[in-house]
Structure formats: structure tokens, C-alpha cells
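The values are calculated or read from the model by the stated rules, or taken from the named source; none is laboratory data. Remember, predicted model here, so these are calculated numbers, not experimental data. All Cβ positions, glycine included, derive from the backbone under ideal geometry; neighbour counts span all protein chains shown. Quick note on the areas: whole protein, heavy atoms, side chains included, nothing else; ligands and nucleic acids left out. Shrake-Rupley method; radii C 1.70, N 1.55, O 1.52, S 1.80 Å.
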Amino acid sequence: MRYEDFYRRSIEEPEAFWGEQARAIHWHREPERILDYSNPPFRQWFAGGETNLCYNAVDRHLDQRGDQLALITVSSETDTAREITYRELHREVNTFAAVLRSLDVGRGDRVVIYMPNMAEAVFAMLACARIGAVHSVVFGGFAAHNLALRIDDATPKLLICADAGMRGGKVIPYKPLVDAACEEASSPPPKVLVVSRGLDPDIALVQGRDVDYAKLRARHDGAQVDVEWLESNEPSYLLYTSGTTGKPKGVQRDVGGYAVALALSMWSIYDVRAGQVMFSTSDVGWAVGHSYNVYGPLIAGATSVLYEGLPTSPDPGIWWRICERYGVRTMFSSPTGIRVLKKQDASWLKKHDLSKLQWLFLAGEPLDEPTAHWITDGIGKTIIDNYWQTETGWPVLALMPGLDMKPVKFGSPGLPTPGYRLRVIDDGTGLDVAPGEKGVLVIEPPLPPGCLTTVWNDDARFLSSYFSHFRELVYSSLDWAIRDEDGYTFILGRTDDVINVAGHRLGTREIEESCATCNSVAEAAVIGVSDDLKGQVPVVFATLKQGGSESPAQAAATMRQRVVEQLGAVARPARVYVVNALPKTRSGKLLRRSLQALAESRDPGDLSTLDDPGALEEVRRALERGA
Ligand code: ATP
Ligand code: MG
């Protein structure tokens, strides 16, 4: 099938197209209408249909692939691996669902899950889906305060946590964080279910509130729990955005539309079919983890690999060892992850047999060309950049090897995926810009299946965050983009991050890429800082590769010179600061807004998702010292 024909049909005949795609999943009751768009911009896909994510991810495969592996969990932290067939998964999920039922959790109740990348996190998610409870997975690395905020937003009936997580060999007890979060929250969950890995010997259970999973599991082992058939548009889960541009938004996902979109994306974008192996390096707490560690591969009847640990431990070859060992066909990671490896010796990329590996997909942040070339050359595979948001749940821009794949253009995540009517429009006039010109990337509603249905409990925020930027009713991605003559879209950065130097608008990304072409630079973050004369000037914060030959001052001079050569004098960085670490969110995104705030002597804003406070401290010190 040609990409062009497939895509065109999704746009010109959306109901026929999605009606066909819907056949890829099991419906307990057929939809009455493929699309109900009577209340724009809210829309309902597959209205009146009844289905269930857990049934589609697990039960449905028992007959044909009960003995095939469904889930492989590898932990370099605990030095363990676990292989779970569909039949075993079915048993574990039923048992977990029976435990949830025994704790009085039912359809529509919210359940907060606070666990690292371990098998029980997947069991818990699927068990919620089975009984129609709405899960809200909170990334295990978040502090008590973050957890408390999410508890208050979701008002859960139950919180499920692990006794502890681990990072870089260090045990991080979760339970004390849960206790503190419950203390801080105004609507703490009445019950806390603790899944112990035996990592925290000092764990203390609160009488009357905390229950030990192992005990309940033994009691309910082997139980069968009926699937709760949900109307297609009932909520399946809540998930928060990364908080890169401000306070995280609670994305609400549906059931039927999500399942159909994932089924489509698995074969057409990720080129993974039943029986094949997909390895995503994400944490289950992120959008990628939800869609491509849990629901997508399982709905497709594939095998999903879940990894707990650093990309560099026990050594920087761990990801490739996993690919070799389990015969991974498609791997999914992030530019940030690859940049971590790039600081290490490239020979680590060559030590393993990657003959089964076909594709490496990267998403989450702009993929700079030097990094793309480095990894392409290093593993000798096709690297596919794909662009999406927590909100969309699956790619908006990608290349589609499951159809006839169009050629890669470095720097671009490619072409629109089925159902996405994309435009690039001028932020002032709201009119479409010409090919090659910069504008805001927007999606023409109705949003396709899989995208958020609203912001949890806050329709007003849904409208104001995404639909209120232009006179026309369009979904703003809040990203800045260029579309070329061939329809390839290039993402230039966040609309907040545009730098205006004496009337010239520059994308932070263009300057960052230029800096990254310097040999000694590992990563660069560029922000616009207010300037009396020019309005704004670009300021660079950069980290250097280990063992490079240039001093920080030399590297700064090289970056300045490179930017001027490549982008012109107007883009010349006014100041370059070399630091040891850049402030990032826990999901690995550069917190440019905080860098900018510090550089302009303002408050750094919402830091609830900041990864390493030390990185921000270092930036403060660098600013005090001067460039
Ligand atoms: P918040 O919405 O809370 O500010 P966030 O936007 O970082 O946080 P996510 O949903 O995790 O939350 O990230 C989506 C954003 O990541 C996109 O809007 C875009 O800015 C960026 N992004 C994702 N993939 C790509 C890509 N392939 N190329 C460029 N940018 C990307
Ligand atoms: Mg966002």
C-alpha cells in the first residue's frame, strides 16, 4: 500500500477509513457511529461501541499465542530478567484484578500507580483496564510533592506502589515518599497496596490503610475476573504531560479510539506484527511507556521488552545486548538517551549481533543531525525520528515502514500519520504559511482516534490550552515548524522558545544544532534573553564530551564561530556558558524556560518535574561567574 493513498483516504473519508481500522480490535458491541462530532472540538470515536483494553491486549491472544512471550522485563539494577507468556500474563492480570476487586475498586474509580519498570506495574495497569478502573501512572522518580499533586487531581480510591525503586545501583525507598504524599494530599487514597521486591527491609505498613500485595495475591491466585465492557469513550487512563512549558496537564484517554490507533500504528509505523519483538527504553510512567511498552505491543500480539536501569550500566552496551538476546525487531528510544551513549565510546555500538534489528525510532525531542548521524553510522540501521505529544498518544509525524517508506530527511520527523490533518499557520494572522516558511503546527479537528478526549476534570483547560490560540477552532501543538515542498515537516522548537533578535525570528533548535556540530560539544541548550538594544539575544548553555581536547573557553569560541558561519551574524550567541549538566525534566527534556528565567533573574517557575536540582544550581553559579 502506498503511503499517499492510505493517508489521503484517512483524510478524505475518515469514517470509512477508521471504520475499517476498527476491525483490527475486538468489539463486544459494534460502534453505532464511527464519529460523533456534534460538540466541537470534543469528539467521540466509535460511539456506542463496547470494548476493553485488557481483553484486546491479553485474552484475545490466548488461543493462538498463549505460550508466546508477551512481556520480558530486564533490570540491570536488580540484575534480574523475567519472561512472561500471554497465558502467564493472563493469570497475573486476573489475579491482580481480583485483588483490586477485593479492595472495592470498580469501574470509573481512579487508581494511582507509583512503580518503576517492573512486571507488576504492567499487571496493575492491565488489571485496572480489565475492571474499568482509571489508572494514573506517576513516574516512580517523582518526589512526594509531585505525587501529592497528582493524587489530589485524580482523587484515587487506591494507590499501588513498589517498596522501592533503584537508580544507578542505589535503592530509593518509595514507601516513605508515598506516606509523605498521602500526608500532604487533601484527598489521600483510603488504601495503599504495596508490591514489595524486598529492596527496603525497613518498610513500615500503616495499619488500616496499607496492604501487602503478596498476601492478597496468594489469596486470589488463579481467580478469573470478568472483563468490564466499556463504552468506547469512557476514560481508560490519566497521564500528565512532561511539564516542560509549565504546570503539567492531565491528559484523559478513551478506550476504543486509543486501541484502534495503537493497532494501526503498530504495523504501519513501527512495523511490528504478532510474534515480533519491540523494545522501548521508556519508563512506563511516560506516554511512550503506556503506548509502546504496554498497550501497543500487546494489542498487536507482539512481545514487549521493558528495561529498568541506566543506558550505561552495567556498561554502555546494555541496550544492544538486550536487542541481541531477545531478537528485537523494532527499538524505540529518545534523542536524550542516544546523547547519553554518545558521551561514551562508539565501539560499544559494535559489540553485539543486531541482525534482527530493523528500526530504531526516536521521539520526545528534536533529533539533532550530528546525533542522528552518529547513531546511524554506529549501528548501521535506519533511524526514524517521530514526533508526538503525550496528548496525541501516538505519532503525529513519522515515516511508515509498514507501508512503502518514504526516504529519511535528516532533521525532519517526516510526514503526517493517518488521520492527522496538519497545517502550519502564522501565529499572527492564523493563515497558512508557504512551504519553507515558519509557523505554528496545528491539527485541524476533529482530533483522530487515540488523542486526548479532554484534560481530566477540566474541559475549560482543554479548550484554553489547545484550542484558544487562533480565531479558527484548531488544536495548537504549541510547536514551531516548517513544512518543505515535499510535505516533510521540521520542528523548530516550542512556540515559547522562539528568539526574536532585532526582528529576526530564530528557533532555539537551529542554534542548538549548530553548536552540536562542534566536536567537543555533547549537548547545547539555547534560550533568548532580553536585551535593551536587540529585543532578545541568543545565550548558549553547553556540556562537553568526556575526554575532549578543547578547554571550555576554546569550545565556547568554536560554538560562536560555528553559529555565525552556519546561521549568520544575527544568530551569534551573546554569551556561552559551559556547564557539567543541563536542567531537564524527569522525562529528559531541556527546561529552557527555567534557564531563561534564571538568565533574566526571574523565578525559575514550576520545578515539579525537574530531574536534577544540582544542574540548575550549576547554571546559577555559571551565571554569577559570567561567560
Ligand atoms: P508540557 O506540555 O507539560 O510543557 P511537554 O510538551 O514536554 O511538556 P510531552 O508531551 O512529553 O510534554 O512532549 C511533547 C513535546 O515534545 C512536543 O510538543 C515537542 O515539543 C517535543 N517533541 C516530541 N517529539 C519530538 C520530535 N520528534 N522532534 C521535535 N520535538 C519533539
Ligand atoms: Mg506539551
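Tell me, please, whether a residue that is touching a residue at least 60 places away in the same chain (Cβ under 8 Å), in a loop (DSSP other than H, G, I, E, B) and surrounded by 18 or more Cβ atoms within 10 Å (Cβ to Cβ) can be found in the stretch 592-606.
So in the stretch 592-606, the residues touching a residue at least 60 places away in the same chain (Cβ under 8 Å) come out as 592-593, 595-596, 599-600, 605-606.
From the residues that got through so far, the ones that are in a loop (DSSP other than H, G, I, E, B) too are 600, 605-606.
The next check asks that each one be surrounded by 18 or more Cβ atoms within 10 Å (Cβ to Cβ); those that pass are none.
There is no residue in the stretch 592-606 that is touching a residue at least 60 places away in the same chain (Cβ under 8 Å), in a loop (DSSP other than H, G, I, E, B) and surrounded by 18 or more Cβ atoms within 10 Å (Cβ to Cβ).
Taking the stretch 150-163 as the region of interest, how many residues are crowded, with 20+ Cβ neighbours inside 10 Å and free of Cβ contacts under 8 Å to residues at least 40 places away in the same chain?
1
Suppose we filter the stretch 242-257 for residues that are out of contact with any helix residue (DSSP H, G or I) (no Cβ under 7 Å at 6 or more places or on another chain) and at pLDDT 95 or above; how many remain?
6
Quick one: Thr508 ticks every box in (1) open to solvent by 10 Å² or more (accessible area, probe 1.4 Å); (2) hydroxyl-bearing (Ser, Thr, Tyr); (3) within 16 Å of ligand 1 (Cβ to nearest atom) bar one, so which box is it?
Status for Thr508: all satisfied but (1).
Which condition breaks for Val277 when tested against (1) within 13 Å of ligand 1 (Cβ to nearest atom); (2) crowded, with 21+ Cβ neighbours inside 10 Å?
Going through (1) within 13 Å of ligand 1 (Cβ to nearest atom); (2) crowded, with 21+ Cβ neighbours inside 10 Å one by one, Val277 breaks only (1).
Out of Glu485, Glu472, Glu437, which single residue is open to solvent by 60 Å² or more (accessible area, probe 1.4 Å) and closer than 22 Å to Glu4 by Cβ?
Glu485
Do we have any residue at all in the stretch 354-362 that's free of Cβ contacts under 8 Å to residues at least 12 places away in the same chain, assigned to a loop (DSSP other than H, G, I, E, B) and not aliphatic (A, V, I, L, M)?
Filtering the stretch 354-362 for residues free of Cβ contacts under 8 Å to residues at least 12 places away in the same chain gives 355.
Retained after the next criterion (residues that are assigned to a loop (DSSP other than H, G, I, E, B)): 355.
Right, trim to not aliphatic (A, V, I, L, M) and you get 355.
Within the stretch 354-362 (the criterion being free of Cβ contacts under 8 Å to residues at least 12 places away in the same chain, assigned to a loop (DSSP other than H, G, I, E, B) and not aliphatic (A, V, I, L, M)), the answer is yes, since at least one residue qualifies.
Go through the residues of the stretch 305-315 one by one and say whether even a single one is open to solvent by 40 Å² or more (accessible area, probe 1.4 Å) and within 16 Å of ligand 1 (Cβ to nearest atom).
No, the stretch 305-315 contains no residue that is open to solvent by 40 Å² or more (accessible area, probe 1.4 Å) and within 16 Å of ligand 1 (Cβ to nearest atom).
Scan the stretch 408-425 and report the pairs whose first residue is under 18 Å from Arg509 (Cβ atoms) and whose second residue is among the aromatic types (Phe, Trp, Tyr) and at pLDDT 95 or above, with Cβ atoms within less than 7 Å and a gap of 6+ or a chain change.
Matching pairs, first to second residue: Lys409/Tyr488; Gly411/Phe490; Ser412/Tyr488; Ser412/Phe490; Pro413/Tyr387; Gly414/Tyr488.
Sort out which residues of the stretch 571-588 are crowded, with 22+ Cβ neighbours inside 10 Å, part of a loop (DSSP other than H, G, I, E, B), within 16 Å of ligand 1 (Cβ to nearest atom) and touching a residue at least 60 places away in the same chain (Cβ under 8 Å), and write them in order of number.
Selection gives Ser587 alone.
Any residue in the stretch 289-300 that's in contact (Cβ under 8 Å) with a residue 40 or more places away in the chain: show its pairings with residues that are charged (D, E, K, R) and not in a helix (DSSP H, G or I) at Cβ separation under 7 Å, as long as the two are six or more apart or on different chains.
Gly289/Asp283
Tell me, which residue of the stretch 209-241 that is within 16 Å of ligand 2 (Cβ to nearest atom) and open to solvent by less than 20 Å² (accessible area, probe 1.4 Å) is nearest to Arg593 (Cα to Cα)?
Initially, the stretch 209-241 is screened for residues within 16 Å of ligand 2 (Cβ to nearest atom), giving 238-241.
With the extra rule that they be open to solvent by less than 20 Å² (accessible area, probe 1.4 Å), the set shrinks to 238-239, 241.
On the way: Leu238: 25, Leu239: 22, Thr241: 16 Å.
Within the stretch 209-241, the match that is nearest to Arg593 (Cα to Cα) is Thr241.
On the basis of being under 24 Å from Tyr86 (Cα atoms) and open to solvent by 30 Å² or more (accessible area, probe 1.4 Å), does Asp36 make the cut?
no
Every residue in the stretch 60-80 that is out of contact with any Gly (no Cβ under 7 Å at 6 or more places or on another chain) and either of a type in the set (Val, Ile, Thr) or open to solvent by 30 Å² or more (accessible area, probe 1.4 Å) (or both), please.
If we filter the stretch 60-80 for residues that are out of contact with any Gly (no Cβ under 7 Å at 6 or more places or on another chain), which is where we start, we get 60, 62-64, 66-67, 69-74, 78-80.
Result: Arg60, Leu62, Asp63, Gln64, Asp67, Leu69, Ile72, Thr73, Val74, Thr78, Asp79, Thr80.
Does Arg9 satisfy being at pLDDT 95 or above, more than 15 Å from Leu126 (Cβ to Cβ), in a strand (DSSP E or B) and open to solvent by 20 Å² or more (accessible area, probe 1.4 Å)?
Taking the combined requirement at face value, the residue does not satisfy it.
Applying the selection to the stretch 530-570, what residues are of a type in the set (Asp, Glu) and either open to solvent by 60 Å² or more (accessible area, probe 1.4 Å) or in a strand (DSSP E or B) (or both)?
Step one: list which residues in the stretch 530-570 are of a type in the set (Asp, Glu), which gives 531-532, 550, 565.
Selection gives Asp531, Asp532, Glu565.
Mind checking which pairs have a first residue in the stretch 433-460 that is within 23 Å of Tyr488 (Cα to Cα) and part of a loop (DSSP other than H, G, I, E, B) and a second that is among the aromatic types (Phe, Trp, Tyr) and open to solvent by 20 Å² or more (accessible area, probe 1.4 Å), Cβ under 6 Å, 6 or more apart or different chains?
Going by the 6 Å Cβ cut-off, the qualifying pairs are Pro446/Tyr37.
Return the pairs, sorted by first residue and then second, in which the second residue is assigned to a strand (DSSP E or B) and open to solvent by 40 Å² or more (accessible area, probe 1.4 Å), the first residue lies in the stretch 533-548 and is within 22 Å of Leu616 (Cβ to Cβ), the beta carbons are less than 7 Å apart, and the residues are 6+ apart or on different chains.
Gln536/Asn500; Gln536/Ser530; Val537/Asp531; Val539/Arg575
Of all residues in the stretch 490-517, count the ones that are over 20 Å from the mean Cα position of the chain (by Cα) and either away from ligand 2 (no atom under 16 Å from the Cβ) or assigned to a loop (DSSP other than H, G, I, E, B) (or both).
Adding up the residues that qualify gives 18.
In the stretch 440-461, which residue that is within 13 Å of ligand 1 (Cβ to nearest atom) and more than 27 Å from Ser412 (Cα to Cα) is least open to solvent (accessible area, probe 1.4 Å)?
Here is the first cut: in the stretch 440-461, the ones within 13 Å of ligand 1 (Cβ to nearest atom) are 440-443, 451-452, 455, 461.
When the remaining residues are screened for being more than 27 Å from Ser412 (Cα to Cα), the result is 455, 461.
Numbers: Val455: 6, Arg461: 58 Å².
Restricting to residues being within 13 Å of ligand 1 (Cβ to nearest atom) and more than 27 Å from Ser412 (Cα to Cα), the top hit is Val455.
Give me a count of the residues in the stretch 222-269 that are of a type in the set (S, T, N, Q) and away from ligand 1 (no atom under 16 Å from the Cβ). Steps first, answer last, please.
Kept after step one, since they are of a type in the set (S, T, N, Q), are these residues of the stretch 222-269: 224, 232-233, 236, 241-242, 244-245, 252, 265, 268.
Keeping just the survivors that are away from ligand 1 (no atom under 16 Å from the Cβ) gives 224, 232-233, 236, 268.
Total meeting the criteria: 5.
Do the conditions hold for Gly411, that is, is it touching a Ser or Thr at 6+ places or on another chain (Cβ under 7 Å), crowded, with 17+ Cβ neighbours inside 10 Å and assigned to a loop (DSSP other than H, G, I, E, B)?
Taking the combined requirement at face value, the residue does not satisfy it.
Being within 16 Å of ligand 2 (Cβ to nearest atom) and open to solvent by less than 30 Å² (accessible area, probe 1.4 Å) narrows it down to one residue among Ala263, Ala259, Ala287; which is it?
Only one candidate passes the filter, namely Ala287.
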